[in-house]
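Trainee: Here you go, one structure.
The values are calculated or read from the model by the stated rules, or taken from the named source; none is laboratory data. All of these numbers come straight from a predicted model, not from anything done at the bench. So basically every Cβ, Gly included, is an ideal-geometry build from the backbone, and we count neighbours across all protein chains shown.
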Amino acid sequence: MKKSFTLLVLFPLILSIGVIPALQSDFLPEVDAAKAKGNSLTETNSKKVCGDRLCSTIDSKQMMKHSDSMMPSGSMDMHTMMERMDKIHEKHQKHMMHSWDSMTLDEQSQMYEKMQKMIEKMESMDMDEHMKMMSNMGDKDHDKKMHKDSDEKRKTAKHDAMMHPEKMRIAAPLPETTMGPQIDYSKGYLVEEIKDGIYWVTDGAYQTMFLTTGEGVIAVDAPPSIGENYLKAIDEVTDEPITHVIYSHTHNDHVGAMSMFPDDAVYIAHQEASDTLEKKSDPNRPVPTVTFEDKYTLEVGNQKLELAYYGPMHEPGNIFIYAPNQKVLMLVDVIFPGWTPFKDLAMAQDVSEFLAAHDKVLEYDFDTYIGGHLTRLGTTQDVQIQKEYFQDIQASAGKANQEVSFMAIGQEVGFSNPWLVFQIYADSITQQCTDEVVPKWIDRLGGVDLFTYDHCWKISESQRID
Ligand SMILES: [Zn+2]
């Protein structure tokens, strides 16, 4: 705790004002490395989400509250420091702070070591040096000098993010709903029995399930990110060979490691998925040996699975996989328990089919839902919540479609470049929808600051053209 608070206080200080630039230059690559690994930069306590989706406000005051007892002895007067921090805070509203919690243990210990060095350096300063350092903080020229490098980096990062929102590396703090079981990352996966011979396997980003039957394992999907660890997970709980393999759908990120299963296993998929796989002719995704159109019941040993197809809720051939005895339902890339779906309705090919999927899922009698992604399993409540989220998006998108005027925008920017008018028109609608929806959902689902815009775009455009 102590470590973390000291760092919370010092880290934004280093980022924003360039205290001890020599050390700062050591820190930035680590931050970049952490960012490159996809760790999020979070706001510390502000949940404001900026319209341009580039936001992050550090509330240094909040952090300072915790910091009094953490400062090294002989350091600057706390009151002065707080005043300074207030000014810095105002001046650097948009500075980002790295989330300590999102760093790996290695990164934390490296960061801590650097911080220790900095604290030692600060401790070795006498009061004059301290005061000089503090007074320099407000000095524009001095700041400019100190900041040249990091400013350049920030400018580039900001520019990149504006031109390419997909490169954003900042995010709002995650709500409790996103929390799942701890995964031992040195092992690389978690395997757990859900009930009576149904197990789920996850690496924290992807998840799937397999069943022991007494006569052989039924394995569903094979996400490449889990890869061979899937086989290890199966070995961990049973000696049974893998005899049956099911495709939830065809997307490579969920089934791209299917070829690791035995050649002589029975490979089952929906007819449309099978057609797609045949066309792709990908050695990593073997062509199914058994296909079906509407429903298929698989009984092996003491287990029973009911497979069903109700239309392209994600892509043509994506199926419901239901274990009636254990009340477990798997449908991949549709419901994301605790989180917003991936952008553009998780790449759903048909907006109305995707939206209708929520009610179809709720027709099933299940206790556990396997969505194929992220941190945890789901329940019917998660489906209800996601349904409500998309109802909000539909309402806000519809309202924005009513309120934003294409002609008014054209009159303002001129009609010589119609694409420009379309772009501003579509973006205004999407942004208005996003601004309405995000504040309502930021505490309820993870990632709504990142992907609501894309859902608003997809749904508002569908309302205009479908
Ligand atoms: Zn998919």
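Trainee: Only residues that are farther than 19 Å from Val300 by Cβ and either polar (S, T, N, Q) or at pLDDT below 95 (or both): list them for the stretch 206-259, please.
Mentor: Across the stretch 206-259, the qualifying residues are Gln207, Ser225, Asn229, Thr250, Asn252, Ser259.
Trainee: Among the residues of the stretch 287-320, which ones are of a type outside the set (Gly, Ala, Ser) and either within 14 Å of the ligand (Cβ to nearest atom) or not assigned by TED's automatic domain parsing to the domain that holds Asp344 (or both)? Talk me through it step by step, then tell me what you get.
Mentor: Residues of the stretch 287-320 that are of a type outside the set (Gly, Ala, Ser), as a first pass: 287-300, 302-307, 309-310, 312-316, 318-320.
Hits for the stretch 287-320 are Pro312, Met313, His314, Glu315, Pro316, Asn318, Ile319.
Trainee: Continuing with this model, one more query. Is the stretch 183-192 home to any residue that is assigned to a loop (DSSP other than H, G, I, E, B), under 13 Å from Ala265 (Cβ atoms) and under 23 Å from the mean Cα position of the chain (by Cα)?
Mentor: Step one: list which residues in the stretch 183-192 are assigned to a loop (DSSP other than H, G, I, E, B), which gives 183-189.
Of the ones still in play, those that are also under 13 Å from Ala265 (Cβ atoms) are none.
Checked the stretch 183-192: no residue is assigned to a loop (DSSP other than H, G, I, E, B), under 13 Å from Ala265 (Cβ atoms) and under 23 Å from the mean Cα position of the chain (by Cα).
Trainee: Moving to a separate point now. I'd like the full set of residues that are within 13 Å of Asp221 (Cα to Cα) and more than 16 Å from the ligand (Cβ to nearest atom), limited to the stretch 255-264.
Mentor: The answer is Ser259, Met260, Phe261.
Trainee: Additional query: Phe366 passes all but one of (1) within 30 Å of Glu306 (Cα to Cα); (2) out of contact with any Lys or Arg (no Cβ under 7 Å at 6 or more places or on another chain); (3) among the hydrophobic types (A, V, I, L, M, F, W, C); which number fails?
Mentor: Every listed condition holds for Phe366 apart from (2).
Trainee: Confirm whether Gly372 is within 16 Å of the ligand (Cβ to nearest atom), small (Gly, Ala, Ser) and touching a residue at least 24 places away in the same chain (Cβ under 8 Å). Talk me through it step by step, then tell me what you get.
Mentor: On the way: within 16 Å of the ligand (Cβ to nearest atom): yes; small (Gly, Ala, Ser): yes; touching a residue at least 24 places away in the same chain (Cβ under 8 Å): yes.
Yes; evaluated as a whole, the condition is true for this residue.
Trainee: Would you check if His244 is crowded, with 20+ Cβ neighbours inside 10 Å, more than 16 Å from the ligand (Cβ to nearest atom) and touching a residue at least 40 places away in the same chain (Cβ under 8 Å)? First the steps, then the outcome.
Mentor: Values: crowded, with 20+ Cβ neighbours inside 10 Å: yes; more than 16 Å from the ligand (Cβ to nearest atom): yes; touching a residue at least 40 places away in the same chain (Cβ under 8 Å): yes.
Here the answer is yes, as His244 does meet what is asked.
Trainee: Taking Asn252 as meeting all but one of (1) within 13 Å of the ligand (Cβ to nearest atom); (2) buried (at least 17 other Cβ atoms within 10 Å of the Cβ), write down the number of the exception.
Mentor: (2)
Trainee: Here's something else I'd like to know. Hey, Thr379 hits all of (1) touching a Pro at 6+ places or on another chain (Cβ under 9 Å); (2) surrounded by fewer than 16 Cβ atoms within 10 Å (Cβ to Cβ); (3) more than 29 Å from Ala222 (Cβ to Cβ) but one; which does it fall short on?
Mentor: The one condition Thr379 does not meet is (3).
Trainee: Which members of the stretch 265-286 meet the condition of being surrounded by 19 or more Cβ atoms within 10 Å (Cβ to Cβ) and either of a type in the set (Asp, Glu) or within 14 Å of the ligand (Cβ to nearest atom) (or both)?
Mentor: Listed by number, the residues that qualify are Ala269, His270, Glu272, Ala273, Thr276, Leu277, Arg285.
Trainee: What number of residues within the stretch 335-346 satisfy the criterion of being within 9 Å of the ligand (Cβ to nearest atom) and under 15 Å from Leu377 (Cβ atoms)?
Mentor: Number of matching residues: 0.
Trainee: Next question, about the same structure. In the list Gln349, Gln432, Gln384, Gln423, which residue meets the criterion of being more than 28 Å from Thr250 (Cβ to Cβ) and either outside the structural domain of Trp457 (by TED's automatic domain parsing) or within 16 Å of the ligand (Cβ to nearest atom) (or both)?
Mentor: None of the others qualify; the one that does is Gln384.
Trainee: Being farther than 18 Å from Gln207 by Cα and away from the ligand (no atom under 16 Å from the Cβ) is the requirement here; does Leu362 meet it?
Mentor: Taking the combined requirement at face value, the residue satisfies it.
Trainee: Given the options Val383, Val448, name the one that is touching a His at 6+ places or on another chain (Cβ under 8 Å) and within 30 Å of Ile226 (Cβ to Cβ).
Mentor: Val383
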